[in-house]
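Asker: Would you mind keeping the following structure in view while I ask a few things?
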Amino acid sequence: TVHASIATNVISLQVDSDAPIAKEYEGYLTWANVRPYVGAMQNGSSALRFFGGLIDEVKIAAVPLADGTNVIGLWHMETTNSYDPPRNQVLDDDTTIPSRDHHLVMGTNGDLTLPELVAGGVHGLYGKALSLDGVDDACYVMYWINGITNKGIAVDVSFKAAAVGGSAQTLVCAGADAVPPNGFELRIESDGKLTWQVWGSGGTDSIQTSGP
């Protein structure tokens, strides 16, 4: 399980119970019309750096977390339903904000075509998990997300990579590295190190820790 965050000009990354790695970050994160992806990196109308393995619970939140009202999306990978068939979607646990409905859609997004995925049948850390093939599997939040300006962001994700090395793999991202300054990416590098990339008004910054 990984916790990655940026708050009060500090970017930090923590794996399981290890002590967090942190450093000063001069900019701040500004979101405007971004769509989070899980299991790949969005790059315009295409995707790259596909993750292979299991991804369990994912949470994206503005910080401070407070009473949970700053949660942008929380996906347990337990429940799916049909969305504009033949696509399915993983339901967002929006119990704290019932109107949020930031479900993770699995399938086609405009020019980006991804195969249908099914959550279930795979035992993850907290029950079911998504099993991604590392070739063309990914999912994304259907609707653009706005409103996170001059605030930090926190991302939590539980995962088990099928293999590391050879190529980089994205766990969670929002925005595209080809179009900074808005966005972030949590990924496994080709050398197995875990990297937290942030693109804010102060430019690009990153922090890394040892492999998963």
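Asker: Show the residue pairs that are 6+ apart or on different chains and have beta-carbon atoms under 7 Å apart, the first residue being within segment 183-207 and hydrophobic (A, V, I, L, M, F, W, C), the second being open to solvent by 10 Å² or more (accessible area, probe 1.4 Å) and at pLDDT 90 or above.
Answerer: Close Cβ pairs (under 7 Å, with a partner that is open to solvent by 10 Å² or more (accessible area, probe 1.4 Å) and at pLDDT 90 or above) amount to 188/161; 188/168; 188/169; 194/15; 207/21.
Asker: While we're on this one: Within segment 85-141, take every residue that is modelled with pLDDT under 60 and polar (S, T, N, Q) and give me the one that is nearest to residue 48 (Cα to Cα).
Answerer: Ranking the qualifying residues of segment 85-141, first place goes to 113.
Asker: Can you name the strands (runs of 3 or more DSSP E) wholly within segment 1-47 that have at least 3 residues being over 22 Å from residue 136 (Cβ atoms) and either modelled with pLDDT under 75 or open to solvent by less than 10 Å² (accessible area, probe 1.4 Å) (or both)?
Answerer: Details: elements: 2-7, 10-15, 21-24, 41-43.
Result: 2-7.
Asker: On to the next question. With 71, 63, 58 as the choices, which residue is at pLDDT 85 or above and either open to solvent by less than 30 Å² (accessible area, probe 1.4 Å) or not acidic (Asp, Glu) (or both)? Spell out the reasoning first.
Answerer: Working: 71 fails: at pLDDT 85 or above; 63 fails: at pLDDT 85 or above.
Unique residue meeting the criteria: 58.
The values are calculated or read from the model by the stated rules, or taken from the named source; none is laboratory data. None of these values were measured; they are calculated from a predicted model. As a convention, Cβ positions derive from the backbone with ideal geometry for all residues, glycine included, and neighbour counts pool all protein chains shown. Only protein heavy atoms, including side chains, enter the accessible area calculation; ligands, DNA and RNA are left aside. Shrake-Rupley method; radii C 1.70, N 1.55, O 1.52, S 1.80 Å.
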